[in-house]
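Structure provided below as structure tokens; questions to follow.
The values are calculated or read from the model by the stated rules, or taken from the named source; none is laboratory data. Keep in mind the model is a prediction, meaning the values are calculated, not measured. Here the Cβ positions follow ideal geometry from the backbone for every residue, glycine too, while neighbour counts run over all protein chains shown. Side chains are part of the model used for accessible areas, which takes the heavy atoms of the whole protein and leaves out ligands, DNA and RNA. Shrake-Rupley method; radii C 1.70, N 1.55, O 1.52, S 1.80 Å.
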Number of protein chains: 4
Amino acid sequence: MSAIGQTVWVVPGGWIPASGTGREPEFTSRDELWLLNTGPQPAEIVITVYWQDRAPVGPYELRVEAERVRSVRVNDLIDPEALRLEEPYALVVRSRTPIVVQVARYDTRQAEQTMSWSLAHPTEER
Amino acid sequence: MSAIGQTVWVVPGGWIPASGTGREPEFTSRDELWLLNTGPQPAEIVITVYWQDRAPVGPYELRVEAERVRSVRVNDLIDPEALRLEEPYALVVRSRTPIVVQVARYDTRQAEQTMSWSLAHPTEER
Amino acid sequence: MSAIGQTVWVVPGGWIPASGTGREPEFTSRDELWLLNTGPQPAEIVITVYWQDRAPVGPYELRVEAERVRSVRVNDLIDPEALRLEEPYALVVRSRTPIVVQVARYDTRQAEQTMSWSLAHPTEER
Amino acid sequence: MSAIGQTVWVVPGGWIPASGTGREPEFTSRDELWLLNTGPQPAEIVITVYWQDRAPVGPYELRVEAERVRSVRVNDLIDPEALRLEEPYALVVRSRTPIVVQVARYDTRQAEQTMSWSLAHPTEER
């Protein structure tokens with residue numbers, strides 16, 4: 001089974017709500033990434049975080065094993081530093097081998113959650 | 001009328017809520033796929049499901065007749081085995097002939113549902 | 001100003017809720033299309049509707065004037081026939097000149113609406 | 001670090017709710033753009049707004065500094081003129097250097113907000 005997808009994925013529109021309601025961890029307000037590696041080797045992934053008013057932060061390093069999907073809450077990315085809440089950010093996800101990336105926002109600040117998901121923008125290093 | 005679309009579609013971000021509220025089946029919490037076959041022949045479709053901590057499961061086989069759309073609740077995929085609820089999963093949908101694939105999440109765990117839809121990621125076998 | 005976009009756009013995942021709550025027409029449950037024509041000539045558009053259990057229906061004909069966007073509620077497509085409510089359908093939108101197409105679902109069956117939007121899938125006639 | 005993305009991005013489906021509920025500015029009803037510039041130079045961006053019944057309006061000019069993301073509420077675009085509320089509009093975003101663009105709708109007209117996000121449609125000038 002070959003690796004499906006592309007090696008660079010971009011999420012321009014991040015923003016993590018700072019408060020939430022409902023049972024945790026299911027209803028914790030968050031942005032969440034899904035990273036799918038259909039290939040026969042582990043995918044070594046590096047994420048760079050962009051901000052409005054300061055230099056990019058990274059690398060955040062992740063591994064997705066061969067033929068596995070991995071779900072990562074952006075709120076849980078803490079090395080080299082935790083992401084600031086309620087500030088616009090963007091993510092660039094790079095992998096040595098092809099992957100496919102999706103992102104979801106769960107916002108539970110109000111009593112009834114709202115949720116939206118979207119594919120990331122696929123591209124390749126130039 | 002020729003077949004529109006591509007032969008491989010990827011949904012990285014699956015997760016099926018285990019509970020729901022409201023009238024069934026309309027308000028059942030679920031992930032749902034739409035598969036459109038605009039071509040003159042039936043589309044023979046095979047789905048592989050990827051998980052976080054075990055080997056991929058499949059094939060799940062489906063057919064979409066010529067010039068028809070088909071809506072499939074992921075919760076209803078049971079052969080070779082039912083999908084686990086409330087665990088992250090990913091889908092790779094392959095068809096011998098071009099199709100177009102969309103996915104929606106309906107989450108009715110709270111009193112007021114939230115819903116989001118997205119196209120799957122289109123690609124081709126390498 | 002040249003025409004931006006592509007000439008075939010696909011929405012696989014249509015489904016129009018039959019009931020709604022709240023003020024009409026803003027909160028009417030519906031699927032809604034946006035068709036953008038940035039070009040210097042009117043765009044002549046033809047929509048074909050696909051169903052689960054019967055032959056495709058069409059053509060639904062629309063025009064979008066030069067350098068204009070047009071919002072169309074799918075519920076309002078009635079010639080050659082109105083769309084069935086609460087049945088899965090798909091749309092193929094064709095234009096002689098390039099356009100860009102987006103779709104939104106507004107679901108107000110419950111007291112608090114849920115809404116989701118997505119681009120249609122862009123392609124070209126083969 | 002090179003500039004990732006494309007130079008033309010299209011959002012066909014704009015519509016800004018005129019009323020809202022909840023704390024401002026977080027819960028103000030709005031459409032919001034995210035513009036990511038990963039490149040080493042500032043991105044000079046020009047937005048054109050399309051309407052249903054009158055000529056396009058623009059240019060709206062923005063700059064995104066090198067290696068920064070910028071979040072812009074469409075409601076705040078006022079030069080050359082503020083956007084009309086509760087009318088369908090479309091946006092074409094052009095940049096001299098590659099960027100990546102996402103859009104979100106926040107609708108708080110009812111007590112419980114609904115939110116959806118989507119990438120814009122990427123293309124290139126012909």
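How large is the dipole of chain B about the Cα centre if only Lys and Arg carry +1 and Asp and Glu carry -1, each at its Cβ, rounded to the nearest 20 debye?
Working: 13 positive and 18 negative charges, 37 e Å.
The dipole magnitude comes to about 180 debye.
I need the inter-copy label distances for C:S19: point set 7 Å along Cα to C-beta, values in nm with one decimal, smallest first.
2.4, 2.4, 3.4
Where Lys and Arg each count +1 and Asp and Glu each count -1, what net charge lies around B:M115 among other residues with Cβ under 9 Å from its Cβ? Don't skip to the end; give the middle numbers.
Working: positive: B:R105, C:R105; negative: B:D107, C:D107.
Residues near B:M115 contribute 0 overall.
Measuring with a 1.4 Å probe in the full set of protein chains, what accessible area per residue, in whole Å², belongs to chain C? Mind showing how you got there, number by number?
Working: 4570 Å² over 126 residues.
Normalised by residue count, the accessible surface of chain C is 36 Å².
Another one. Just checking the output field for D:96-103: average partner chain Cβ neighbours within 10 Å of each residue's Cβ? Write out the running numbers ahead of the final one.
On the way: counts 0, 0, 2, 2, 9, 4, 10, 4.
The per-residue average across the peptide is 4.
Across peptide C:48-60, how many C-beta atoms of other chains are within 10 Å of each residue C-beta, on average? Write down the numbers at each step before the final one.
Details: counts 3, 1, 8, 3, 7, 4, 2, 3, 5, 0, 0, 0, 0.
Partner-chain Cβ atoms within 10 Å, mean over residues of C:48-60: 3.
Still on this structure: Can you compute 3J(HN,Hα) from phi for each residue in the range A:51-63, using the Karplus curve 6.51 cos²θ - 1.76 cosθ + 1.60 with θ = phi - 60°, rounded to whole Hz and x for Gly and Pro?
Result, ordered by residue: 10, 7, 10, 7, 5, x, 10, x, x, 9, 9, 9, 10 Hz.
Spelling out what I want: for every residue of the range D:70-77, take phi, set θ = phi - 60°, compute 6.51 cos²θ - 1.76 cosθ + 1.60 (Karplus), and round to whole Hz; glycine and proline get x.
Here the 3J(HN,Hα) series is 9, 9, 10, 6, 4, 4, 8, 6 Hz.
When all alpha-carbon pairs of the protein assembly as shown are counted, what percent fall beyond 31 Å? Working shown, then result.
On the way: 51282 of 126756 pairs.
In whole percent, the long-distance tail amounts to 40.
A follow-up question, please. Grab every C-alpha pair in the range B:10-126, bin the distances at 10 angstrom width from 0 up to the longest one, and report whole percents.
Over the range B:10-126, the share of Cα pairs per 10 Å bin runs 13, 44, 33, 9, 0 percent.
I need the inter-copy label distances for D:R73: point set 7 Å along Cα to C-beta, values in nm with one decimal, smallest first.
Computed spacing set for this position: 2.8, 2.8, 4.0 nm.
Along the positive direction of the dipole of chain B (beta-carbon charges: Lys, Arg +1; Asp, Glu -1; about the Cα centre), which of B:I78, B:P40, B:S116 reaches farthest?
Of B:I78, B:P40, B:S116, it is B:P40.
Okay, next question. In peptide C:12-19, how many Cβ atoms from other protein chains are near each Cβ within 10 Å, on average?
Details: counts 19, 15, 6, 6, 0, 1, 1, 0.
For peptide C:12-19, the averaged partner shielding equals 6.
Nearest 100 Å², what total accessible surface is buried between chain B and chain C (probe 1.4 Å)? Walk me through the numbers on the way to the answer.
Values: alone 7450 and 7430 Å², together 12000 Å².
Using a 1.4 Å probe, the pair buries roughly 2900 Å².
Calculate what fraction, in whole %, of the accessible area of chain C sits on carbon and sulfur atoms when a 1.4 Å probe is rolled over the protein chains.
Details: 2180 of 4570 Å².
The nonpolar share, carbon plus sulfur, comes to 48 percent.
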